[in-house]
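The values are calculated or read from the model by the stated rules, or taken from the named source; none is laboratory data. The structure presented is a predicted model; accordingly, all values stated were derived computationally and were not measured. Don't worry about glycine lacking a Cβ; one is built from the backbone with ideal geometry, like all the others, and counts go over all protein chains shown. When the accessible area is computed, the model is the full protein with side chains, heavy atoms only, and any ligands, DNA or RNA have been set aside. Shrake-Rupley method; radii C 1.70, N 1.55, O 1.52, S 1.80 Å.
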There are 4 protein chains.
Amino acid sequence: MNSFGQIFRLTSFGESHGPAIGGVVDGMPAGVSVNIDEIQRQLNRRRPGQSSIVTSRDEKDRVTILSGLMDGVTTGTSIGFMVENYNQHSSDYDNMRDLFRPSHADFTYTAKYGIRDHRGGGRSSARETISRVVAGAFARQALSVHGISVYAFTSRVADISFEADPLSVDPALIDTNDVRCPDPEVADRMHALISRVKSEGDTVGGIITGVISGLPAGLGQPVFDKFSASLATAMMGINAAKAFEIGMGMEGCCHRGSEMIDRFVVNPEDGRITTSTNHSGGIQGGITNGMPVIFRVGFKPVATLLRDVATIDRDGHPVTLRARGRHDPCVLPRAVPVVEAMAAMVALDALLLNRTSRI
Amino acid sequence: MNSFGQIFRLTSFGESHGPAIGGVVDGMPAGVSVNIDEIQRQLNRRRPGQSSIVTSRDEKDRVTILSGLMDGVTTGTSIGFMVENYNQHSSDYDNMRDLFRPSHADFTYTAKYGIRDHRGGGRSSARETISRVVAGAFARQALSVHGISVYAFTSRVADISFEADPLSVDPALIDTNDVRCPDPEVADRMHALISRVKSEGDTVGGIITGVISGLPAGLGQPVFDKFSASLATAMMGINAAKAFEIGMGMEGCCHRGSEMIDRFVVNPEDGRITTSTNHSGGIQGGITNGMPVIFRVGFKPVATLLRDVATIDRDGHPVTLRARGRHDPCVLPRAVPVVEAMAAMVALDALLLNRTSRI
Amino acid sequence: MNSFGQIFRLTSFGESHGPAIGGVVDGMPAGVSVNIDEIQRQLNRRRPGQSSIVTSRDEKDRVTILSGLMDGVTTGTSIGFMVENYNQHSSDYDNMRDLFRPSHADFTYTAKYGIRDHRGGGRSSARETISRVVAGAFARQALSVHGISVYAFTSRVADISFEADPLSVDPALIDTNDVRCPDPEVADRMHALISRVKSEGDTVGGIITGVISGLPAGLGQPVFDKFSASLATAMMGINAAKAFEIGMGMEGCCHRGSEMIDRFVVNPEDGRITTSTNHSGGIQGGITNGMPVIFRVGFKPVATLLRDVATIDRDGHPVTLRARGRHDPCVLPRAVPVVEAMAAMVALDALLLNRTSRI
Amino acid sequence: MNSFGQIFRLTSFGESHGPAIGGVVDGMPAGVSVNIDEIQRQLNRRRPGQSSIVTSRDEKDRVTILSGLMDGVTTGTSIGFMVENYNQHSSDYDNMRDLFRPSHADFTYTAKYGIRDHRGGGRSSARETISRVVAGAFARQALSVHGISVYAFTSRVADISFEADPLSVDPALIDTNDVRCPDPEVADRMHALISRVKSEGDTVGGIITGVISGLPAGLGQPVFDKFSASLATAMMGINAAKAFEIGMGMEGCCHRGSEMIDRFVVNPEDGRITTSTNHSGGIQGGITNGMPVIFRVGFKPVATLLRDVATIDRDGHPVTLRARGRHDPCVLPRAVPVVEAMAAMVALDALLLNRTSRI
């Protein structure tokens, strides 16, 4: 289905070349003074055409709020919103109507529905993530009332890594470059690589690291809906995501228990119980322990190559595909605000649901 | 909440030292002849005490089916089941009532609920996975009617890896050793490592690889509930899981698009459309493409060390914990059937839900 | 939450005096050729200003479809839609900002959210039912592919009743008068009563009868989500609904079993099993039996009187309310298409879900 | 599906002649001291064999709690429970294996699932309501912490009515007679009628009235999940329910607005806003207003007559059914605790969910 979340819930709609992308945010708590400019600012971070290393499709992506606010304050009712599409070049996709692009959703949508909207990928386009960014921006504003914040950044592109401790990152630096890597020197190298790959008609993937800080201990449901499991489904539901790690990740899983346990200590400053390390990534037994939640998401290289690619049409005949349209050589820079948005939605949903835990 | 799945849904209950572990399987389709022995066989694979490298808690884990069958055939009604606990040694945990074991759920449950069952970890115990194995065993029997099967195996313990193509594995070999690694030589080395780690009072983690084969193209929901996202939440909801990958995983995400696309070809034998490689892990646009689904799950080393560990009690006073109880030095051997069970539940749920896709 | 349905699901948004009313239809099966004019026609039946016995607010209620269709055919993806509001007279409600209208949602929304949109009732306005009519119109078109149809009509206004067998009604007659009662003579009397009540500044309620025909046997879930229970929640969720009956209703409940059982017979024409009477209203054990589903919904008289009414403000001070705004003296004529829409949604949802009942 | 509720949720299982009836209560808040005897007392009120006017099946219906409690206090984890069946006389139903009892679920279950458990009605048996009574008893204990209570009583059997104001009833009188009508004189007449009907091999239905008092204003979701809509689905999901009314009901719907509005007044004792009448039944705009919620549920006469009944078998051949088994001549006395239980579940669910309404 097209809904995400249990209490705070986004239901989204929209195709790449349809009239609009939008959705309904349900469960937004009443009484939040909403900064619409900040919502738009998050959309601008996701916007195509923002730099030389992203698609040149020219969309302003202006959001219109259709309900749920009264004098700028949330009323507790559902929030309808939409972003109109303007810069469709649907004819760029005429040659794709009857063929299946490799590693795209063309074949699988056809297998599922018997029909697909081939224009710009239809519903499978990453333009769908507009709705996530809008809903996430609402969630962030609700979270900030409770002192909770979210940031993410590009930590790896191909073999270029930013290796620092995620908690040492200054979030203000993330948007100081096109790649959204907080280290300017590493960002430059990533940018150069993406540019070179683009010039070769190829694409490249990498890793985004995310941090949720300020979470109280106790969020998440203990069995199937562990905080980490909800975060995993949130991230793996983003286009092109192929891997998810929390805390120690795959690497840490291959170490000893004596190396990976997080010892409890009392913070001498405030007397609160905390841990001296954070291999757990802020989650123990599926529930937040009050430490920052740290996670990583792997995004595959974009499947659309700007070179001739051999594929087949729906009758199985071999054809050569020459992609037109406008495409990203690397999704990471624009995926950063999407990762943040999904993380914010997970956190707010867990925060609200947790209010029902005790009598 | 304690439910998993949308159409085929498990709701589970039970604590490590309570009277029983069990649950309700809802949405099991009518008309399946159920082999109860096979359900018990799956439970036996998860059972404690099965080898020298797992916990010595002695439980027979006999399942009792309480409803939903008529002459051995599913009737479409909900299936209640339970496994009674017999071999609790609750007094082993008396010393843990007021302290927080590092990297366990003791602190977080207390933070969430204000109360916790400290005996054997209570609800956070991996005994909870009994319910998953039972529900998964039902799902597997429904899937087999449709030619779909699931297997998983231990592919890495610490730095010892089984590197072969997961599709080349003979599932019949998986259970031929205690570690559940299909290569006897690698399994021997893993076994030796686990034994050594155990003798040191330490623990070790690793990776399980899973395969779902026989899936038709078209399963999964295209946006938030991508097949891969559902599989991610299924796996990350298992105790000790810290990482999830599908297909190319983190490693593949750091390659070029030209290396990672899966070209469509027509299978000359049956004329069906397939792909020549499977970097996608059987999922494109979140939907199955008819190739095997291949995934990996990272499990952290068990947090209970059989040595003195410094921690604090609920008042923040430092204490030394000396674990008694019976514990696994490595969860992987017993997690294999749990991974398989969760994968089977995801597959059946998607199979059933997909019947609603077209008019 | 603002969602209705499990597989076929409407999520709605919008306030009476906000920019638009709309929603997202999720789970609409792929492959249905949609007649947009027919959707608009259903909206026109609900539209204000359509006759002398409904509110004079002048809204065209033109629907815009924002996604989910390709060349007029559903693609299986979610369908965003909206109806813009034009004829708000928000200043009519300035005097209501701080007072509570009797038997309206003013007090309860304030109690729940601490804030409310007082303009035209905000989210509690019956304009919210626009979304239901649109979603229901989609559902009807999907149902018609399977030979299932829905109709409803005004069967009672105050003490004026239309007493005929609901199955004897010619649906084509329902819209031949303003009241939507299929008997012209009874409709005239109802119309005269509503006009008289209106002229007195008063309002009046009554009963709508609904019929779903062509349903196969087997729809509905046997325990909590009985077809009749889903229909009940659908109807009781409509503004002003205060009673729901299926088949024999309250009256039949007070008879003997020997009078109320429906005997099974074989239809000599087609050899199919049917019942000779339909006291059950088409539902047995919560599941459809293939007979028409017959139900009744009671709608209270509108709470807004066009006369002075004593009430209190939010500080508890007595005030006299003199309603301005434009109001219906009787909701029944405009509620008929809403009842039909909700019934269609319930039927389609059950039809789709039922495909998962068997292996 | 076999689940009810969003936050506080019961998932149930069990057939009339299977090993046990039971379920899982999820979302029970932590920190409630549970009185197990009180749960058993509620089950005893529902128990067969409790009087001369109910079925003589002899079941003790002893509940076993399998999880979720620690030293008698809820821990926030799911609560498994079961009631074993002992007094099955399955052979009484041998003659029903291949025929369809009129107005029972035999035909519809077969239509849905292709298979049915014919013994005692299988899953369609009212023994399924055992699970509801247990879950409701937990809910009641959580509600009582918040000063909320629930009671219901038989208010009509055939043409014998108890007409008093439901709020004037002394709940302590309800269980002073077999019929569960709080007026001894009316109860005697109802009892005599049920006895006479039973002696004739016939059955009779009627109406149960319910009251939820102590609810704060603000519970319920404003659109589809109105408190009244949730209560409707709760009640219409009970076996044999055919009608539901809240507050003024069908009768009040046929009056004028000027007669049915509830004027707001300030309670001089505590200064709180209340209403001078309660035609709304405690619900306005779908949300509780702090007045008692008053509702009525119609239950049809039991379909099993203890006389020869003509019906057909699954091949359509006419047969004469002579019911054996043990049956209730009237469900109302035993349905009273079920109505209360469902009402308590709705109230607790709404209470918990409402905590998420505001930031």
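Structure data summary
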| item | result |
| --- | --- |
| Residue ID - surrounded by the fewest Cβ atoms within 10 Å (Cβ to Cβ), chosen from residues in the range B:174-207 that are in contact with an Asp or Glu (Cβ under 8 Å, 6 or more places away or on another chain) and assigned to a helix (DSSP H, G or I) | B:His191 |
| In the range A:223-278, the residues that are open to solvent by less than 40 Å² (accessible area, probe 1.4 Å) and of a type in the set (S, T, N, Q) | A:Ser228, A:Ser230, A:Thr233, A:Asn239, A:Ser258, A:Thr274, A:Thr275, A:Asn278 |
| All positions within the range C:314-341 that are in contact with a strand residue (DSSP E or B) (Cβ under 8 Å, 6 or more places away or on another chain), open to solvent by less than 30 Å² (accessible area, probe 1.4 Å) and not in a helix (DSSP H, G or I) | C:Gly316, C:Leu321, C:Ala323, C:Pro329, C:Cys330 |
| Residue under evaluation C:Asp270, criteria (1) more than 8 Å from chain D (Cβ to nearest Cβ); (2) touching a residue at least 40 places away in the same chain (Cβ under 8 Å); (3) of a type outside the set (A, V, I, L, M), criterion not met | (2) |
| Residue check for B:Asp117: touching a strand residue (DSSP E or B) at 6+ places or on another chain (Cβ under 9 Å), under 30 Å from B:Gly68 (Cβ atoms) and among the acidic types (Asp, Glu) | yes |
| Evaluation of B:Ala111 against (1) surrounded by fewer than 24 Cβ atoms within 10 Å (Cβ to Cβ); (2) within 15 Å of the chain's Cα centre (by Cα) (one fails), failing number | (2) |
| Looking only at the range D:7-34, and only at residues there that are touching an Asp or Glu at 6+ places or on another chain (Cβ under 6 Å) and in a loop (DSSP other than H, G, I, E, B), the one that is farthest from the other protein chains (Cβ to nearest Cβ) | D:Phe8 |
| Residue within the range D:35-48 that is more than 30 Å from D:Gly205 (Cβ to Cβ), away from chain B (no Cβ under 14 Å) and acidic (Asp, Glu) present | yes |
| Conditions (1) of a type in the set (A, V, I, L, M, F, W, C); (2) modelled with pLDDT of 90 or more; (3) open to solvent by 50 Å² or more (accessible area, probe 1.4 Å); number of the one not met by B:Ala310 | (2) |
| Of the criteria (1) more than 7 Å from chain C (Cβ to nearest Cβ); (2) out of contact with any strand residue (DSSP E or B) (no Cβ under 8 Å at 6 or more places or on another chain); (3) open to solvent by less than 30 Å² (accessible area, probe 1.4 Å), which one A:Lys60 fails | (3) |
| Only listed residue being at pLDDT 95 or above, touching a Leu at 6+ places or on another chain (Cβ under 8 Å) and either within 8 Å of another protein chain (Cβ to nearest Cβ) or open to solvent by less than 10 Å² (accessible area, probe 1.4 Å) (or both), chosen from D:Ala350, D:Ala344 | D:Ala344 |
| Tally, over the range A:75-131, of residues that are free of Cβ contacts under 8 Å to residues at least 60 places away in the same chain, within 11 Å of another protein chain (Cβ to nearest Cβ) and over 26 Å from C:Gly31 (Cβ atoms) | 7 |
| Some residue of the range A:126-138 being assigned to a helix (DSSP H, G or I), in contact with a helix residue (DSSP H, G or I) (Cβ under 6 Å, 6 or more places away or on another chain) and open to solvent by 30 Å² or more (accessible area, probe 1.4 Å) | no |
| Qualifying residue in the range D:152-161 (condition: polar (S, T, N, Q), farther than 30 Å from D:Gly285 by Cβ and open to solvent by 30 Å² or more (accessible area, probe 1.4 Å)) | yes |
| Odd one out for A:Ile39 among (1) open to solvent by less than 10 Å² (accessible area, probe 1.4 Å); (2) part of a loop (DSSP other than H, G, I, E, B) | (2) |
| Residue in the range C:100-120 that is in contact with a helix residue (DSSP H, G or I) (Cβ under 8 Å, 6 or more places away or on another chain) and among the acidic types (Asp, Glu) present | yes |
| Check on A:Asp61, of a type in the set (D, E, K, R) and over 30 Å from C:Glu128 (Cα atoms) | no |
| Selection count, the range C:279-296, where residues are more than 9 Å from chain D (Cβ to nearest Cβ) and surrounded by 24 or more Cβ atoms within 10 Å (Cβ to Cβ) | 4 |
| One residue from B:Ser67, B:Ser56 being within 30 Å of D:Ser125 (Cα to Cα) and in a loop (DSSP other than H, G, I, E, B) | B:Ser67 |
| Filtered residues of the range A:150-170 (kept if closer than 22 Å to A:Pro292 by Cβ and touching a helix residue (DSSP H, G or I) at 6+ places or on another chain (Cβ under 7 Å)) | A:Val150, A:Tyr151, A:Ala152, A:Phe153, A:Thr154, A:Phe162 |
| Residues being in contact (Cβ under 8 Å) with a residue 12 or more places away in the chain and either in contact with a Ser or Thr (Cβ under 8 Å, 6 or more places away or on another chain) or under 30 Å from C:Val145 (Cα atoms) (or both) - total across the range B:342-359 | 10 |
| Hits in the range B:313-349 - residues which are closer than 23 Å to B:Val293 by Cβ and over 12 Å from the mean Cα position of the chain (by Cα) | B:Ala347, B:Leu348, B:Asp349 |
| Scan of the range C:304-316 for residues that are facing another protein chain (nearest Cβ under 9 Å) and more than 17 Å from C:His118 (Cβ to Cβ), ordered by number | C:Leu305, C:Arg307, C:Ala310, C:Gly316 |
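The rows are residues; the columns are (1) aliphatic (A, V, I, L, M); (2) under 30 Å from A:Val73 (Cβ atoms).
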{"residue": "A:His118", "(1), (2)": "no, no"}
{"residue": "A:Gly121", "(1), (2)": "no, no"}
{"residue": "A:Ile130", "(1), (2)": "yes, yes"}
{"residue": "A:Ser149", "(1), (2)": "no, yes"}
{"residue": "A:Val157", "(1), (2)": "yes, no"}
{"residue": "A:Ile160", "(1), (2)": "yes, no"}
{"residue": "A:Ala164", "(1), (2)": "yes, no"}
{"residue": "A:Ile174", "(1), (2)": "yes, yes"}
{"residue": "A:Thr203", "(1), (2)": "no, no"}
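This table checks each residue for (1) in contact with a Phe, Trp or Tyr (Cβ under 8 Å, 6 or more places away or on another chain); (2) β-branched (Val, Ile, Thr); (3) at pLDDT 90 or above.
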position: B:Thr64; (1), (2), (3): yes, yes, yes
position: B:Asp71; (1), (2), (3): no, no, yes
position: B:His89; (1), (2), (3): no, no, no
position: B:Arg101; (1), (2), (3): no, no, yes
position: B:Ala111; (1), (2), (3): no, no, yes
position: B:Gly114; (1), (2), (3): no, no, yes
position: B:Gly120; (1), (2), (3): yes, no, no
